[in-house]
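I have placed the structure first, in the form of structure tokens, so that the comments after it can refer back to it.
Derivation of every value follows stated rules applied to the coordinates shown; laboratory data play no part. Because the structure is a prediction, the values reported are computed rather than measured. Quick reminder, even Gly has a Cβ in these numbers, built from the backbone with ideal geometry, and neighbours come from all protein chains shown.
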Amino acid sequence: MRAARFYAPGTPLALEEMAATPPGPGEARVEVKGCGICGTDLHIALEGTIQLPKTPVTLGHEAAGVVAEIGPGVSGWAPGDRVAIFPNVACGACYACREGREVLCLNGQVLGINRDGAFADSVTLPASCLIPLPEAVPFTVGAIVADAVSTAYRAVVGRGGLRSGERVAVFGCGGLGVHGIKIARLRGAAQIIAVDVAPGALRRAREAGATETVDAKEGDAAKQIRSLTAGEGVDLALEFVGLRASVTEALRSLKRGARAVVAGVGPDRVELPPLRSFVGSEISLLASMGSTREDVRTVIQLAAGGRLELASSVTGEVPLSQINDGLRRAFTKEGDPVRIVVVP
Ligand SMILES: [Zn+2]
Ligand SMILES: [Zn+2]
């Protein structure tokens, strides 16, 4: 099989011929039918801002495909089953796993980060990572649900606790933000204010259901949000950018007692407001990391039932042989992509 191997930042991924790993006890081998290119892949492969513990490694962590082979002791799955892949491989024994928060596993591995991922013809992983994918959901959409969509779902619903009728601000309208907007609309948000600096992203935000947009280049996004909310601010601010400035603006856009959820990742330090206003306004600052298997199942159900439109999020497909071109297009935002999916 072919696999796209990462050696060092700034160096193109090397398409190498490798032996497919036969599934061990409790494992399955999945023939990859689609694997999305995520911002994380760009941070690793092009920018070098996320360093990997061990190289070379096959990148790719948002994937779907068909079960090709099952290992000893695996029940409930058979070759030919359509699956989405949950990218976190948890140990099942640490306190985080025992509390059901596998994404926080102390000994966890993530597909395409610290174990070989799915920019390949096939991937072998624990069968516990498989999630059924109904016929109604195409593989390219199945690929992006496990990361781009479910991460947004956890931020809005699991951590943000969005209730019907609330006002929301979404900072960053790329692959996560645009899904955050769709989910907020589905949950009955009364007002969804989208913030970005790219005209294309703001247009897409409106198409996804944002009621208003704020161009952060025009300065003081929080002030613009306040003027759109009768001076009050929002109940929930979602930060999908991963920059100090946008976390600061997210906090400043909140009304008293409201909460900000940060799902964007980067090297910046966040800055809290002076304690008299942080404490005095009783705001909450929450972090949101990845998703749960249950989140992925829920998102797949929403997509299969037609309640969550995701086909428009797959804005491009590239064959595995052209993965470096796909990474470049995702990085330069050529053609204004939401998600480019590698279809081996
Ligand atoms: Zn990702
Ligand atoms: Zn664990």
Problem set entry | Karplus-derived 3J(HN,Hα), 6.51/-1.76/1.60, for each residue of the range 33-46, Hz, glycine and proline x | 10, x, 8, x, 8, 9, x, 4, 4, 5, 4, 6, 7, 9
Seminar exercise, completed: Non-local residues with an amide H under 5 Å from the amide H of residue 285, with H modelled 1.01 Å from N and Pro and chain starts lacking one, are 260
Problem set entry | Compactness of the range 161-287 as Cα Rg over 2.2 N^0.38 Å, two decimals | 0.94
Problem set entry | Between helix 323-332 and the chain: long-axis angle, C-alpha atoms, 0 to 90°, nearest 10 | 10
For this session: Order these peptides, 308-316, 145-153, by their mean beta-carbon neighbour count within 10 angstrom, highest first.
Result: 145-153, 308-316
Problem set entry | the chain - mean residue ellipticity at 222 nm from DSSP helices (-39,500 (n - 2.57) per run, n ≥ 4, rounded to 500) | -6500 deg cm²/dmol
Exercise. By a straight-distance test (C-alpha under 12 Å), which aspartates and glutamates pair with residue 54 as possible cross-link partners, with residues fewer than eight away in the same chain excluded?
Worked result: 116
Exercise. Going by average Cβ neighbours within 10 Å, how do the peptides 157-165, 269-277, 81-89 rank, with the highest at the top?
Worked result: 81-89, 157-165, 269-277
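For a quick check: sort 318, 299, 341 by the number of other beta carbons within 10 angstrom, fewest at the front.
So the residues, fewest neighbours to most, are 318, 341, 299.
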Problem set entry | C-alpha center-to-center spacing [the range 198-225, the range 292-344] in angstrom | 22
